[in-house]
Amino acid sequence: MNGRIYNFNPGPAALPLPVLEEIQAEFLNFKGSGMSITEVSHRSKWFDEVIQDATACVRRLLKLDEIFNVLFLQGGASLQFCMVPMNLLPEGQSADYVNTGTWATKAIKEAKIQGRGIKVVASSEDKNFSYIPTDIAFSPDAAYAHITSNNTIKGTQWQSFPDTGAVPLISDMSSDIMSRSFDVSPFGLIYAGAQKNLGPTGVTLIIIRRDMLERVPQDLPTMLKYTTFVDHKSMFNTPPCFAVYTVQLVLRWLEETIGGVEKMEKINREKASFLYRAIDESGFYTGTAEKESRSLMNVTFLLPSEDLEKQFVQQALEHGLGGLKGHRSVGGCRASIYNATNLDAVKALADFMEEFARKNG
Ligand SMILES: *Cc1c(COP(=O)(O)O)cnc(C)c1O
């Protein structure tokens, strides 16, 4: 099998094999241009078709209507932590944040640097971020409410989105965008670094509702204003062409080979249930997220000792199963099973987990 392993990396993460093969096949001569996609002008018809098609795919897959703009930016999800409050939190107003783990904590820290009213309305820090808070009292007059839909490091995920009334929701969806269907209408802005579920690193997908653009202050640096990228269709400066091209191919694969987000969600639910069953039935592994908050994308678990965890990660790799070490900040193990990690990979991991537990339990 061409030496490739089953890849459970948290990000950058696995890409669909057919996408990698397509990139390889057209890498030297992109669509008869005589050049690689990495060599053509971003103003050429070749790249123009790529970015327009990627945008159209996002619209179709998430059923976005005209009031939403689709943008491709740089700077990762991390740049959005400051761009969101800079652009969308007017002076004198405040914004609600829910702290559900490492990335949410960083979003809050960056928002506070802007020196505006940031209210942490709920947090799961009391239990090491092992759950998603419920019954949150959101402020009816907040400029927006910010959540992190999937907590990549802690392995928790919002099972449904909170009702914030007329207050627009903003979500970091870096690690679960396109993994399940949801109603976009309550969202003022969604952002997602591509390297988990959409493509390679280097590009961030932004979905922004038109009315949010009215808040963007005139005096922000040009490169930090959403309106700049709306006005120039993500081409104010040279965009990350290769990353956008790969995202286009991943979205086409999701649409044509998988059959869309609903189909993908079904597969993702099946994948996750395999692994959670392997954990729950083992008497050996312990899931670190509370059951009702478990992520479909990042399955986090502990073994009886750190020594066994080391052996597990090592032996898994010898079996062609890579990327299972937990984040350095939390330890343990983590299997990231984004869209591109297929059921075969998950079954192979579940089998390995069962065998390892039998030998070491
Ligand atoms: C990976 C990740 C980030 C950080 O993304 P960068 O593109 O590296 O800035 C932010 N939020 C979430 C939820 C993530 O999973």
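The values are calculated or read from the model by the stated rules, or taken from the named source; none is laboratory data. Bear in mind that the values here come from a model prediction, so they are computed numbers and not experimental data. As a convention, Cβ positions derive from the backbone with ideal geometry for all residues, glycine included, and neighbour counts pool all protein chains shown. Side chains included, ligands, DNA and RNA excluded: accessible areas come from the protein's heavy atoms. Shrake-Rupley method; radii C 1.70, N 1.55, O 1.52, S 1.80 Å.
Tabulated values for the structure
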{"quantity": "Any chance Leu251 is under 24 Å from Pro18 (Cβ atoms), within 16 Å of the ligand (Cβ to nearest atom) and assigned by TED's automatic domain parsing to the domain that holds Lys106", "calculated": "no"}
{"quantity": "Any pair with Cβ under 6 angstrom, 6 or more apart, that starts in the stretch 172-185 at a residue that is under 15 Å from Lys106 (Cα atoms) and ends at one that is of a type in the set (Gly, Ala, Ser) and within 10 Å of the ligand (Cβ to nearest atom)", "calculated": "Asp172/Ala77; Met173/Ser149; Met173/Ala192; Ser174/Ala77; Ser174/Ala192; Ser174/Gly193"}
{"quantity": "From Lys119, Lys112, residue being farther than 20 Å from Val203 by Cα, without any contact (Cβ under 8 Å) to a residue 60 or more places away in the chain, in a strand (DSSP E or B) and away from the ligand (no atom under 16 Å from the Cβ)", "calculated": "Lys119"}
{"quantity": "Lone unmet requirement of (1) within 16 Å of the ligand (Cβ to nearest atom); (2) in a helix (DSSP H, G or I) for Phe72", "calculated": "(2)"}
{"quantity": "Residues (open to solvent by 10 Å² or more (accessible area, probe 1.4 Å), in contact (Cβ under 8 Å) with a residue 40 or more places away in the chain, over 12 Å from Asp172 (Cα atoms) and not hydroxyl-bearing (Ser, Thr, Tyr)) located in the stretch 83-105", "calculated": "Met86, Pro90, Gln93"}
{"quantity": "Residue within the stretch 79-100 that is in a loop (DSSP other than H, G, I, E, B) and acidic (Asp, Glu) present", "calculated": "yes"}
{"quantity": "Candidate set: the stretch 236-279, residues that are without any contact (Cβ under 8 Å) to a residue 12 or more places away in the chain and part of a helix (DSSP H, G or I); chosen: the one least open to solvent (accessible area, probe 1.4 Å)", "calculated": "Ser273"}
{"quantity": "Enumeration of residues in the stretch 30-54 that are exposed (fewer than 12 other Cβ atoms within 10 Å of the Cβ) and among the polar types (S, T, N, Q)", "calculated": "Thr38"}
{"quantity": "When residues of the stretch 288-324 are limited to those that are open to solvent by less than 80 Å² (accessible area, probe 1.4 Å) and free of Cβ contacts under 8 Å to residues at least 24 places away in the same chain, the one farthest from Asp176 (Cα to Cα)", "calculated": "Ser305"}
{"quantity": "Extreme residue, farthest from the ligand (Cβ to nearest atom), among residues of the stretch 136-159 that are in contact with an Asp or Glu (Cβ under 6 Å, 6 or more places away or on another chain) and of a type outside the set (Val, Ile, Thr)", "calculated": "Ser139"}
{"quantity": "In the stretch 75-91, the residues that are more than 15 Å from the ligand (Cβ to nearest atom) and in contact with a strand residue (DSSP E or B) (Cβ under 8 Å, 6 or more places away or on another chain)", "calculated": "Pro85, Leu88, Leu89"}
{"quantity": "Any hit, the stretch 148-166, residues being open to solvent by 10 Å² or more (accessible area, probe 1.4 Å), among the charged types (D, E, K, R) and closer than 20 Å to Glu265 by Cα", "calculated": "no"}
{"quantity": "Flag if Ala166 is in the same structural domain as Ala111 (by TED's automatic domain parsing) and more than 28 Å from Asp141 (Cα to Cα)", "calculated": "no"}
